Structures are given as structure tokens and as C-alpha cells.
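Engineer: Provided herewith is a single structure, encoded as C-alpha cells, for subsequent inquiry.
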Protein chains: 2
Amino acid sequence: MTPGVKFARVAEEGEVVAPSRSTSELRTDARRNAAQILAAARNVFGEHGFSAPLEDVAVAAGVSKATIFNRFGGRVGLIEAVIEDVVAAESQRIIEHTRSIPDVAERIDHYLGAIRDLQYRRPAVNDVLLQEYPHSEQLLAICHAAGEIYDELVEAGHAAGVLAPEFTREDLHALIVDNALALKHGSRPPRADYDRRTGFILGGIRRPAR
Amino acid sequence: MTPGVKFARVAEEGEVVAPSRSTSELRTDARRNAAQILAAARNVFGEHGFSAPLEDVAVAAGVSKATIFNRFGGRVGLIEAVIEDVVAAESQRIIEHTRSIPDVAERIDHYLGAIRDLQYRRPAVNDVLLQEYPHSEQLLAICHAAGEIYDELVEAGHAAGVLAPEFTREDLHALIVDNALALKHGSRPPRADYDRRTGFILGGIRRPAR
DNA sequence: TAGAAACTTGACTCGGTGAGTCAACTTATT
DNA sequence: AATAAGTTGACTCACCGAGTCAAGTTTCTA
């Protein structure tokens with residue numbers, strides 16, 4: 001294959017074009033390497049964020065860095081291939097669960113706690129929040145979903161009188177982004193301290209139910 | 001003069017050694033340049049923090065970068081020459097004023113507001129907080145003073161029951177450091193938003209007086 | 001006012017890090 | 001075993017500001 005931009009796509013189940021040999025045109029060793037790279041990327045990106053050196057991913061996959069370029073065209077392609085597993089799925093789950101909580105105050109408490117938990121456990125989430133990486137479809141979808149829940153929570157919170165009336169959706173966003181910056185550039189505090197601080201934040205923006 | 005580590009000290013008033021020609025051994029052009037560099041450094045560091053390129057300081061001073069090395073030996077020397085004006089004086093003033101407030105709750109509110117104000121106006125403060133620059137005497141003095149007032153405020157706040165009982169001095173430090181990180185690496189919000197958020201933070205850690 | 005020392009500076013080198021490339025080699029496939 | 005696909009070690013490149021130095025300029029002194 002001519003090396004260059006036209007790198008092969010990794011097998012995805014429902015291959016639309018070329019029905020025969022459905023899963024792939026790749027040679028078996030190449031397919032195996034691609035799978036290993038994906039697995040390694042999920043681990044390494046999940047643990048260290050999307051700015052982790054590709055070299056690290058390669059080593060974890062037992063493969064050379066060049067192979068990542070052959071298969072995925074570089075960092076951007078690799079991120080796109082794993083972002084769903086590393087970030088999108090979990091954040092979607094949080095949003096859904098949040099929506100399923102009937103009590104408004106609890107809903108707010110839950111969302112902030114869950115997001116902050118995710119930020120703590122998955123640095124890659126912070127990379128997404130800080131928009132450090134290229135705007136792919138998934139990225140936009142995630143951000144859109146987040147923007148929606150911000151609005152819902154803030155509006156419902158005001159209506160129910162359980163949120164400080166002057167608290168805006170921008171404040172909520174800032175809260176989360178500032179935390180992303182602190183986690184990304186600072187030292188991560190012990191979990192107990194972090195959770196206690198989550199409590200203080202909530203205490204500052206919530207109001208006791210009427 | 002042989003260039004190298006033994007760069008000339010800029011004239012300080014009370015020259016202890018060499019009483020004759022008290023203010024300086026420097027040639028007049030060198031003295032003028034040094035003054036311009038100091039002025040430029042106060043501006044540039046004050047506005048962009050201590051990590052601003054020395055090139056920028058040089059340009060602002062109407063001088064070449066090499067001259068900064070001749071006079072101050074590099075970034076560290078230059079920071080030491082201006083840190084008092086850029087950071088130490090103002091933070092000392094805040095601490096003193098804070099101590100002069102009789103009411104504990106007001107004292108806490110004032111300190112947090114004033115520190116956050118300083119962080120917003122003077123990025124260099126954040127560089128100091130984040131310990132990004134060499135540990136000079138002044139640095140240590142500033143940090144020591146800050147540590148003291150943390151303890152005082154938290155202890156007094158607990159005693160008076162105006163601070164959440166589980167709030168620690170580490171929490172206070174984290175609050176301030178996280179804000180430093182957000183300001184340094186993120187986008188600075190409009191002032192009104194920033195101040196509103198200061199209010200939320202206080203609301204989360206304070207308790208109404210008995 | 002000339003000679004010497006002090007001072008300045010443009011144009012360099014350097015350093016550390018990680019992205020991205022490619023010619024030569026290896027392996028699967030037919 | 002021929003061929004094309006795939007892999008890789010070793011490279012270049014870019015970045016970006018710190019720090020250096022030989023050559024030129026200014027001040028000082030006598």
C-alpha cells in the first residue's frame with residue numbers, strides 16, 4: 001500500500017461497502033496490531049489523557065510508533081477511534097442517569113458529583129472539556145449533550161428554588177472547566193479531599209428546598 | 001568587564017561595600033538601561049506573569065535581550081529584582097488589612113475576596129502560588145506569611161462557628177491554587193462573573209454566625 | 001581627544017520533546 | 001517462491017525561548 005493519507009480503516013462491524021470478506025481487507029497481522037493499538041490507546045488515553053505521547057501507546061501495544069501512523073493516520077485518527085469508549089459512553093450514561101432522578105435538588109447534586117468523579121478518574125474527559133482536541137462529530141455531540149443538561153439543570157433548579165437565583169449555566173460550565181484545569185495542570189488531591197470540596201461547591205450554589 | 005556570572009548589581013541605596021561613588025559603579029548608559037529594564041519587567045511580569053519571554057521585557061525596555069543577561073544574570077535575577085514590587089508588597093498589604101478586621105466572618109470574606117482580586121489582576125501572583133519560580137528569600141517569606149494567615153483564618157472561623165467545621169487549611173489553599181491554575185491556563189472570565197463566583201465559593205465554606 | 005575599558009547587541013547555538021517520515025526489512029497470502 | 005502488505009529503527013523537523021559571544025559602540029579618564 002502506498003503510505004500516506006489513505007490509511008486503511010480499521011474493521012468496524014457493519015462494513016457497508018465491499019460485502020465480501022466483510023470484516024476487513026487487512027492482513028491478519030495488521031488486524032491484530034490494530035486491535036492491540038486500540039486497546040492500548042483506551043488504557044493510555046484513559047489514564048493520562050489524549051495528550052499522552054503516541055510512543056507510550058505504541059509501547060503498550062507492543063508495536064512501533066510508525067504502525068500507529070500506518071493504521072490510524074496519527075493522533076487525531078486514534079482519538080476518534082477510541083473517544084466513544086474513553087469518554088462519550090460514560091458521560092452519556094451520567095446524563096441519562098441524572099435525567100432519571102425525579103427530585104431536582106438530588107438531580108443537581110448527582111450531576112455535579114458524577115461529573116467531578118469522572119473528571120477525577122478520566123483525565124481524557126478534561127481534554128475534551130478543554131477542547132484541546134480536534135472537533136470531530138463525537139466531540140460536538142458530547143458538548144451539545146452537556147450544554148443541554150446544563151440548561152435543564154439550571155432552569156429546573158431555579159424553578160424549584162434549590163439553586164441560587166443568580167447562578168447561571170455559564171457558572172456551571174466555569175465550575176467544571178476550572179476543575180478540569182486544576183486537575184490537568186495541578187496535583188490531584190486525595191480522593192477524600194476532592195469529594196469534600198465537591199460538597200463545598202454544592203453548598204455554595206444550592207439553596208435549601210422550600 | 002568579563003561577562004559571566006559576576007554581573008554587576010544594580011544600584012541599591014544603602015551600598016555597604018565601597019562607600020565612595022555610593023550609588024553605582026556602572027557607566028551612565030548601563031545604569032539607565034538597568035532602570036528601564038526594571039520598569040519594563042514590572043510592567044511585563046505584572047501583566048503576563050513571570051513566565052513572560054525575556055525578549056518581551058527587552059523590547060519594552062528598548063534594549064536587547066543580552067543586556068538583561070549582562071545586568072541581571074537572567075530571569076531569576078530579574079524576578080528577584082522586581083518581585084517585591086510586583087507581588088510581595090500587595091500581598092503583604094492584604095494580609096495586614098485582613099488582620100485588622102475585628103469581625104471573623106468579615107475577615108474571611110475580605111481575605112478571600114482580596115486574594116482572588118489580586119490573582120485576577122496580577123498573574124504573577126499565580127506564578128508565585130504555583131511555585132513556578134526559584135525559591136528566593138522573598139518567595140519563602142511570602143509563602144510563610146500566607147501559610148500563617150491560612151491557619152489564623154481557619155482556626156478563628158471554626159472557633160466563631162462561621163466556617164464549615166470540616167473545612168481545613170488545605171481546603172483554603174486548594175481553593176486559591178485551583179483558581180491560580182484556572183486563571184493561568186484558562187480564559188479569564190469577565191470581572192462580574194468572577195466576583196459572583198467568589199460569592200458562591202464563600203457561600204459554600206461559610207456558615208451563618210450564631 | 002585618544003586610548004582603554006565598559007557596555008551593547010545581532011546572530012548565533014542549544015536543549016528537550018514528541019510528531020511525523022521513509023528506506024529497508026519481514027511476513028502473510030496466493 | 002513471487003508479490004504485495006505490513007512493520008520498524010532511525011531519522012528529520014518544528015518549536016520556542018534561554019543563554020552566549022565576537023564584533024561593534026559608547027563612556028570615561030587623563
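The values are calculated or read from the model by the stated rules, or taken from the named source; none is laboratory data. Keep in mind that what you see is a predicted model, and the values were worked out from it rather than measured. Heads up, the Cβs are rebuilt from the backbone with ideal geometry, glycines too, and the neighbour counts pull from every protein chain shown.
Quick grid of which residues meet (1) more than 28 Å from A:ALA146 (Cα to Cα); (2) surrounded by fewer than 20 Cβ atoms within 10 Å (Cβ to Cβ):
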position	(1), (2)
A:ALA34	yes, no
A:PHE45	no, no
A:ALA58	yes, no
A:ALA61	yes, no
A:GLU90	no, yes
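Engineer: Determine if the range A:158-165 includes at least one residue that is touching a residue at least 60 places away in the same chain (Cβ under 8 Å) and within 14 Å of another protein chain (Cβ to nearest Cβ).
Structural biologist: The initial filter retains those residues of the range A:158-165 that are touching a residue at least 60 places away in the same chain (Cβ under 8 Å), namely none.
No, every residue in the range A:158-165 fails to be touching a residue at least 60 places away in the same chain (Cβ under 8 Å) and within 14 Å of another protein chain (Cβ to nearest Cβ).
Engineer: For the structure I just gave you, tell me whether B:ALA124 is surrounded by fewer than 17 Cβ atoms within 10 Å (Cβ to Cβ) and either modelled with pLDDT under 95 or not in a helix (DSSP H, G or I) (or both).
Structural biologist: Numbers: surrounded by fewer than 17 Cβ atoms within 10 Å (Cβ to Cβ): no; either modelled with pLDDT under 95 or not in a helix (DSSP H, G or I) (or both): yes.
Answer is no for this residue.
Listed here are the residues, each with its yes/no results for (1) farther than 18 Å from B:ARG93 by Cα; (2) within 11 Å of chain A (Cβ to nearest Cβ); (3) in a helix (DSSP H, G or I); (4) aromatic (Phe, Trp, Tyr).
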residue: B:VAL128; (1), (2), (3), (4): no, no, yes, no
residue: B:HIS135; (1), (2), (3), (4): yes, no, no, no
residue: B:GLY147; (1), (2), (3), (4): no, no, yes, no
residue: B:ALA174; (1), (2), (3), (4): yes, yes, yes, no
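Engineer: For the range A:47-56, how many residues are surrounded by 17 or more Cβ atoms within 10 Å (Cβ to Cβ) and within 9 Å of DNA strand C (Cβ to nearest atom)?
Structural biologist: Of all residues in the range A:47-56, those surrounded by 17 or more Cβ atoms within 10 Å (Cβ to Cβ) come to A:49-50, A:52, A:54, A:56.
Filter once more, keeping what is within 9 Å of DNA strand C (Cβ to nearest atom): A:52, A:54, A:56.
Residues that pass the stated criteria total 3.
Engineer: With respect to A:GLU84, is the statement that it is within 22 Å of A:SER136 (Cβ to Cβ), of a type in the set (Asp, Glu) and either touching a Gly at 6+ places or on another chain (Cβ under 6 Å) or touching a residue at least 12 places away in the same chain (Cβ under 8 Å) (or both) true?
Structural biologist: Working: within 22 Å of A:SER136 (Cβ to Cβ): yes; of a type in the set (Asp, Glu): yes; either touching a Gly at 6+ places or on another chain (Cβ under 6 Å) or touching a residue at least 12 places away in the same chain (Cβ under 8 Å) (or both): yes.
Considered against the rule, which asks whether it is within 22 Å of A:SER136 (Cβ to Cβ), of a type in the set (Asp, Glu) and either touching a Gly at 6+ places or on another chain (Cβ under 6 Å) or touching a residue at least 12 places away in the same chain (Cβ under 8 Å) (or both), A:GLU84 comes out as yes.
Quick grid of which residues meet (1) in the same structural domain as A:HIS144 (by TED's automatic domain parsing); (2) more than 23 Å from A:TYR120 (Cα to Cα); (3) near DNA strand D (Cβ under 10 Å from one of its atoms); (4) touching a Cys at 6+ places or on another chain (Cβ under 6 Å):
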position	(1), (2), (3), (4)
A:ASN33	no, yes, yes, no
A:VAL44	no, no, no, no
A:SER51	no, no, no, no
A:GLY62	no, yes, yes, no
A:ALA66	no, yes, yes, no
A:ASN70	no, yes, yes, no
A:GLY73	no, yes, no, no
A:VAL86	yes, no, no, no
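Engineer: Which fully enclosed helices (runs of 4 or more DSSP H) of the range A:60-108 have 1 or more residues being over 17 Å from A:ASN43 (Cα atoms), within 16 Å of DNA strand C (Cβ to nearest atom) and away from every other protein chain (no Cβ under 14 Å)? Before the answer, list the steps.
Structural biologist: Numbers: elements: A:65-72, A:75-83, A:89-99.
The qualifying helices (runs of 4 or more DSSP H) are A:65-72.
Engineer: Return the pairs, sorted by first residue and then second, in which the second residue is hydroxyl-bearing (Ser, Thr, Tyr), the first residue lies in the range A:53-66 and is without any contact (Cβ under 8 Å) to a residue 24 or more places away in the chain, the beta carbons are less than 8 Å apart, and the residues are 6+ apart or on different chains.
Structural biologist: A:ALA58/A:SER64; A:ALA58/A:THR67
Engineer: Working only within the range A:178-193, note down all residues that are surrounded by fewer than 19 Cβ atoms within 10 Å (Cβ to Cβ), within 9 Å of chain B (Cβ to nearest Cβ) and assigned to a helix (DSSP H, G or I).
Structural biologist: A:HIS185, A:ASP193
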